[in-house]
Structure formats: C-alpha cells, structure tokens
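In what follows, a single structure is set out as structure tokens and then discussed.
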Amino acid sequence: MTTNWQQAACRDHNLELWFPGKNGNGCEAKRICRTCPLRAACLEDAINSGDTYAGIRGGIRGGKSAEDRRRIAAARKRVEPDRSADIIRLHRKRWSTKSIAIRYGINVDVVCRVLRAHREAQAGAA
Ligand code: SF4
C-alpha cells in the first residue's frame, strides 16, 4: 500500500507550525493532523524512519510530538516480542495482513515489518 502524500493536511500550511521549538506546544499542528487522512501512515513513517523528516529530527508528525512518539516506540518494543509470535502464527493460518492488523488494532505496516523480520531471521538461520 502506497501513501499519497499529496493528501497531507499539512501540505498547504506553514511548516514551522510542525516544528514549534522549545517554547511552542504544537497545538495548531496537532489540530490539523487530526483532520489528516494520512495520520496513521504518517505516525508509522515517523516511528519507523528514525524520526527524521527531510533530515530534521523531532517536530509534530502523525499528530504526535517527538516525546509521544518515543513513548509509543518504547511501548511497542515491550509488547512486540509476544505479539510477533501471534502475528506469525495467524499468518501461517493464512490470515491476511489486514485481518491481523485489525485483530490487534495495529497498522498493517507493523504486521508487515514483523513478518519481514521473521523471514529475514529464517533466511539468516538457514
Ligand atoms: S498527520 Fe502527518 S501528513 Fe498529516 S498533517 Fe500531520 S504531519 Fe502532515
């Protein structure tokens, strides 16, 4: 699934809203993000890309601050080992990635990442 970034709600706004600096709270950017059809994909992209946008770290992405994203990533690391086994088990039972994502309330990209990591681990072990 490809993301059409042309649909981004931030596209026609001043980018500085998303990088409010130490004294800003990013509330206006977060408000705009809440209306964005790409919010989930944007958040996943931020978390999975080393948290940089055009080489700039931080800022508001997917409606979340850099601190929010760090907390989400840390929480995922704590729960993913258990969930990974379940994702692999359901995939072997021929569940689609979309069905698995819905089952766990996660993004399809996360399911694909777990399955890809599993395949790479299997290939490395062979
Ligand atoms: S969710 Fe991402 S793409 Fe959408 S408005 Fe916010 S920063 Fe822009």
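The values are calculated or read from the model by the stated rules, or taken from the named source; none is laboratory data. Because the structure is predicted, anything quoted here is derived from the model rather than measured. Methodologically, a virtual Cβ is constructed for each residue, glycine included, from the backbone with ideal geometry; neighbour enumeration extends over all protein chains shown.
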Query raised in the report: Do any residues in segment 108-126 that are more than 15 Å from residue 40 (Cα to Cα) and in the same structural domain as residue 90 (by TED's automatic domain parsing) have Cβ atoms under 8 Å from those of residues that are in a helix (DSSP H, G or I) and modelled with pLDDT under 90, where the two are at least six apart or on different chains, and which pairs are they?
Result: 113/48; 114/80; 114/83; 114/84; 117/84; 118/84
Query raised in the report: If residue 44 satisfies every condition in (1) within 21 Å of residue 109 (Cβ to Cβ); (2) touching a strand residue (DSSP E or B) at 6+ places or on another chain (Cβ under 9 Å) but one, which is the exception?
Result: (2)
Query raised in the report: Do any residues in segment 4-18 that are under 14 Å from residue 62 (Cα atoms) and assigned by TED's automatic domain parsing to the domain that holds residue 63 have Cβ atoms under 6 Å from those of residues that are more than 7 Å from the ligand (Cβ to nearest atom) and among the polar types (S, T, N, Q), where the two are at least six apart or on different chains, and which pairs are they?
Result: 9/35
